[in-house]
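Worksheet: one structure, shown below.
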Amino acid sequence: SCDHQWGVYAFKVILVDLRHGNGLSNKVLRSDDRASALMQMLENDLPKTYIHIPQEFEFKVEDKRMVFNYWQRRLVELSKFEVRIDTNLDFRSYDKSNPEWKNPPHGYNIKFYLGFDPIRLRNEFVGSHCTLFVYSRQSGRLIKHVPDARSSLGLNSGGSDYSQGLTLIVDDEDGNLPLNPTKQDISFGEQENGLVHQDNLYAWMNAVTNFYWKLHAEKFGGKKAPLTDEVLRHLDDVLAEQGRRFSNLLKEEDLTTYYDIAWGNYRGHIMVHKKGTLRYKEHIGQATRFRIHIPLTPVRKAKRGRPLEQANQDIMNLEVRLDSEQVKSQKLERINSELLESLREEKTSNDQLKKENEQLRMDMAKVQAEIVRVRAQASQRKEPMSQQGPLPVLPMAVASSMNVIGNGREGVRYKVSRDSEGRRTLHKKKKSRHTSGGLYEV
């Protein structure tokens, strides 16, 4: 129908008696259930299926207007690349010094969009590997979807390389890609020099994807776990953006772009040489809402293969370190020898002390035996102990271990008495001054 007041055309699609999907046994409920499922599917998939539907085209599903800015609201660090694809000559056939392989005269420009999808990264059922979406023609209709495109793009498909929800969007707005009759896939066989066209296209997709992923992985020292955490850090913000509407189409957005990249043709591959990794220019777009920043705390770079000169330098550094460790080891051995010698001397001193103590105990035993002998003699003679002569004078070392009663000029005298049964008793007399060597309690 034509609305003459607004001068625009509109049409409505009415679906009845749906036969899609499984429903309930009741026909009325079955029809309603199928219709709801179909409407929900259209609401979810249409914004992802078309990326160039202008705002002037009002598209509604059950009176809810569709907004075709699916990727702007979803991808972290959404960036745009533009390259030129040669449809006649393989880029390997050019001389490496000839810059025309990067800007061929017979070719066309195509846009690549790359970003990280935190919603898909969180969903463990759909996988987080590099996913490819190819859109073609003016409407930007999705014609090819590869859930894990790492092998197709010639990327390393092991482990979590080129994952973290990495998404590659190919926008063939001018319709240069040959499609099959159903317009559901690319068919290079339908085109003259189709294999050359295919090799050049996939070589550039490989190069751009490889450059983009490594650029952000290097912010975290080439480690993939911190990159994954950084993408997931934006999940809540991305979910909040799903309810917003933007007026610009993907091709109209001011996205982050990279240019003047040091592309090179090395061994049949398009890549950025290691020495030229930082040789590029970047325009930070205002429409790139979710950014991946370099962490404030530097992340140590993961070890990778390096040139021979760097390896030789590492060997020299290890040799210097080894020499230093040998000097330290010699110092430690000398210190250990000194400690062992000190322990030996201490052990010798302890042995000498043990011998002296043993000699002292022997001397004490001799003195005690002598005292017993003197007492025995005094008992046999039945004389006072004072008449048997003075008690033997003990050395000071021995005397110190006994109970010294007196020494020097002060001393104690004793007398011996005998009771009626003939038993002797030793009596201590009062102190008196004398000049003997000292008396000891026996």
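We did not get these values from a lab; they are worked out from the coordinates using the rules stated. Here the structure is a predicted model, which means the values were calculated and not measured. Virtual Cβ from ideal backbone geometry, glycine too; neighbours counted across all protein chains shown.
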| In whole Å, how far is the Cα centre of the stretch 35-86 from that of the stretch 332-384? | 103
| message | Roughly how far apart, in whole Å, are the Cα centres of the stretch 143-164 and the stretch 92-141? | response | 12
| remark: Here the gain from full extension of L46 to D314, 0.36 nm per residue of separation minus their alpha-carbon distance, amounts to 90.9 nm
| request: Sort the following peptides by mean Cβ neighbour count (other Cβ atoms within 10 Å, averaged over residues), highest first: 260-269, 353-362. | output: 260-269, 353-362
| query | Listed highest first by mean packing, meaning other Cβ atoms within 10 Å per residue, what order do 208-217, 100-109 come in? | reply | 208-217, 100-109
| said: I'd like to know how the stretch 160-231 sits against the 2.2 N^0.38 Å rule of thumb: what's its Cα Rg over that expected value? | reply: 1.45
| Three principal axis extents, largest first, for the C-alpha atoms of the stretch 30-82, in Å? | 48, 24, 15
| query | Please state the Cα pair-distance histogram of the stretch 31-174 with 5 angstrom bins from zero: what percent is in each bin? | reply | 2, 8, 14, 17, 17, 15, 12, 7, 4, 2, 1, 1, 0, 0
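What order, most packed first, do the peptides 50-62, 73-85, 333-345, 139-151 have when packing is the mean number of other Cβ atoms within 10 Å of each residue? Walk me through the numbers before you get to the answer.
Values: 50-62: 14.1, 73-85: 21.8, 333-345: 10.0, 139-151: 16.8.
Order by mean packing, descending: 73-85, 139-151, 50-62, 333-345.
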| message | If I model the stretch 192-254 as equal point scatterers sitting on the Cα atoms and use the Debye formula, what is log10 I(q)/I(0) at q = 0.28 Å⁻¹? | response | -1.04
| Counting only Cα, what are the radius of gyration and maximum Cα-Cα distance Dmax of the stretch 61-131, in Å? | 18.7, 59
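If the limit is 25 Å between Cα atoms, which of K331/K354; K96/K251; K111/K214; K183/K214 go over it?
Details: K331/K354 35 Å; K96/K251 32 Å; K111/K214 20 Å; K183/K214 34 Å.
Beyond 25 Å between Cα atoms: K331/K354; K96/K251; K183/K214.
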